Amino acid sequence: LSKYSMSHFENLANELIYEIFDYLDLYDTYNAFSNLNLRYENLLEKSILPLKINISTMSKSSFEYYFTNIIIPNQDRIISLHLSNLFIVDRIFSSLSNFTQLKTLIIHGTELQLTNLLNYIAILPNL
């Protein structure tokens with residue numbers, strides 16, 4: 001018999017899986033772990049961990065699905081947003097007041113007027 005035992009990812013404790021999730025962007029986490037099994041679905045959907053989102057290279061059609069099904073249900077957990085497409089910025093800013101935990105907002109590659117941006121971010125307590 002071998003002295004070495006093999007471990008499987010599925011055998012990791014939830015706390016370790018959450019640590020792994022912390023290194024990944026929310027989009028990548030959902031793409032990798034959703035629809036695998038009930039345990040991972042519950043870890044994704046019932047978590048209270050803060051979330052970081054980078055949607056700087058997403059197509060408009062992918063973003064609409066992501067916004068409706070992932071961002072909106074988790075908007076109270078999002079602490080960081082990285083945006084670069086104008087259509088994404090406009091869509092996110094329409095509900096920005098709901099991102100109550102947002103601490104970091106990175107916007108580049110868009111032609112936003114500073115006064116419009118300040119009006120949006122002035123209502124966020126942690127930004």
- State whether the range 9-48 is rounded, prolate or oblate according to the following rule on the C-alpha gyration tensor (a ≥ b ≥ c being the square roots of its eigenvalues): a/c under 1.5 gives rounded; otherwise a/b larger than b/c gives prolate, and the remaining case gives oblate. rounded
- Message: I need the Debye-formula profile for the chain: one equal scatterer per C-alpha, no solvent, reported as log10 I(q)/I(0) at q = 0.10, 0.16, 0.22 1/Å, two decimals.
- Response: -0.37, -0.81, -1.35
- Query: Given only helices, namely DSSP H runs of n ≥ 4 each adding -39500 (n - 2.57), what is the per-residue ellipticity at 222 nm of the chain, to the nearest 500 deg cm²/dmol?
  - Reply: -10500 deg cm²/dmol
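Give me the extension gain from SER95 to LEU49: residue separation times 0.36 nm, minus the current Cα-Cα distance, reported in nm with one decimal. Mind dumping the intermediate values first?
On the way: separation 46, 0.36 × 46 = 16.56 nm, distance 2.07 nm.
Roughly 14.5 nm would be gained on extension.
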- Message: For the pair ALA13/LEU127, report the inter-label distance in nm, with labels modelled 7 Å from Cα in the Cβ direction.
- Response: 3.7
- Could you go through the range 57-72 in sequence order and give the Karplus-derived ³J(HN,Hα) for each residue, using 6.51 cos²θ - 1.76 cosθ + 1.60 with θ = phi - 60°, rounded to whole Hz, and x for Gly and Pro? 10, 9, 6, 5, 5, 5, 5, 4, 5, 4, 4, 5, 9, 10, 5, 4
- On a 0 to 90 degree scale, rounded to 10, what angle separates helix 14-23 from the longest Cα axis of the chain? 40
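Residue separation times 0.36 nm, minus the C-alpha to C-alpha distance between SER34 and ARG77: what's the value?
Working: separation 43, 0.36 × 43 = 15.48 nm, distance 1.79 nm.
Answer, rounded to one decimal: 13.7 nm.
Computed from the coordinates by the stated procedures, all read-outs in this text should not be read as laboratory data. Values in this document were obtained by computation on a predicted structure and should not be read as measured data. Using ideal geometry, Cβ is built from the backbone for each residue, glycine included, and neighbour counts are taken over all protein chains shown.
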